[in-house]
Every structure is written in C-alpha cells, then in structure tokens.
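S.K.: Take this structure, written in structure tokens, and hold onto it; I'll ask about it next.
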Amino acid sequence: MSIAKAVLSGIVYRNPEKRFTGNNIPVTTFTLNIDEKEQSLVRIIARGNNADSIEQNVSKGDKIVVEGRLQISNIQGEDGSEKKVMELDLAGFEVVASSSSPAASKKSDEVVKFAEVEMNDMLIGEDDIPF
C-alpha cells in the first residue's frame, strides 16, 4: 500500500454512508469524482468527528475540497477478482458549493487557491527521490 498527502477537489458522486466499527466509532464513506469531463472516482473515508460532519453537511452533487492521506488499497470485486482502489483517509474538508443551494459559497475561490498552494508545496523534483 502506498501513502501520500493529497488535496482533491471534485463533485460528490454518491451520498455518504455511515457505519460503525466494533468499538462504536463512526466511519462515513462516499465517492468523489475529481474530473468533470470523465469519471475519475476516489473513495473518501471519514472517521470520528469527520464522519459525523460529512454525514450532516455533504450530499450527492456537492462540490467539495478534501484533504488527507491518499492510499491505494486492494479490494475484492463483485466477481471475486482483486482490484486496486484509490482512497483518501479524510483529515479535513470544505463544501465549496452545495447541490441543495444554487448559490456557490463566497469562499470557493479561496478554497481552490488553498488547494493549489497545498498541492504545489507537495511537488518534489527528481533530485528529491531517493532511488
């Protein structure tokens, strides 16, 4: 499994689904489409307070910015085959435009700029790679 910090922006593709672990910790998952022209889906996993907040504030069609640890996980598909899935372990989020409200958030430009700055800070050059 690979892990990297990421900031992603996209449209919520599926409504959040909340479940609980054996220790009664809330876990909410949903799918985010990060490409407006074609389907590029990332599974978002929120735990604890983030899980409750996602369930209350996010729904299908919302435009949001998420931040967290990006990881590739192996899952078993419906046909029994093993598939790789891109997931983001959520650390924070902001709703840029709600599907229930026609007006976009006044902060939307600031959020996108924040996301771009975060991504630029994470870029590394070939000299920084240890192999």
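The values are calculated or read from the model by the stated rules, or taken from the named source; none is laboratory data. All of these numbers come straight from a predicted model, not from anything done at the bench. All Cβ positions, even for glycine, are placed from backbone atoms using ideal geometry, and neighbour counts span all protein chains on display. The accessibility values were calculated without ligands, DNA or RNA, using every heavy atom of the protein model including side chains. Shrake-Rupley method; radii C 1.70, N 1.55, O 1.52, S 1.80 Å.
S.K.: Mind listing the phi-derived Karplus ³J(HN,Hα) values for segment 42-59, rounded to whole Hz, using 6.51, -1.76 and 1.60 with θ = phi - 60°, and x for any glycine or proline?
M.R.: 10, 7, 10, 10, 10, 10, x, 4, 4, 4, 5, 5, 4, 4, 7, 10, 10, 9
S.K.: Another question, then. With bins 10 Å wide starting at 0, give me the P(r) of segment 1-47 over every alpha carbon pair, in whole percents.
M.R.: P(r) for segment 1-47, in whole percents per bin: 24, 44, 28, 4, 0.
S.K.: Please compute, over every Cα-Cα pair in segment 13-97, the percentage with a separation greater than 17 angstrom.
M.R.: Counting every Cα pair in segment 13-97, those more than 17 Å apart make up 49 percent.
S.K.: By accessible area of protein heavy atoms, probe 1.4 Å, what ranking do 20, 30 get, highest first?
M.R.: Highest to lowest solvent-accessible surface, that is 20, 30.
S.K.: Based on the Cβ-Cβ distance of residue 25 and residue 70, what FRET efficiency does E = 1/(1 + (r/R0)^6) give at R0 = 25 Å, to the nearest 0.05?
M.R.: Computed FRET efficiency for residue 25 and residue 70 comes out at 0.70.
S.K.: Considering only lysines 8 or more places apart in sequence, or on different chains, count the pairs in segment 1-106 whose C-alpha atoms sit under 28 Å apart.
M.R.: So the count works out to 22.
S.K.: Here's a follow-up. Relative to the Cα centre, what is the charge dipole magnitude of segment 1-79, using +1 at the beta carbon of each Lys and Arg, -1 at the beta carbon of each Asp and Glu, and rounding to the nearest 20 debye?
M.R.: 220
S.K.: Let me ask another. What does the net charge come to around residue 62 if you take all other residues with beta carbon closer than 12 Å to its beta carbon, with K and R at +1 and D and E at -1?
M.R.: +2
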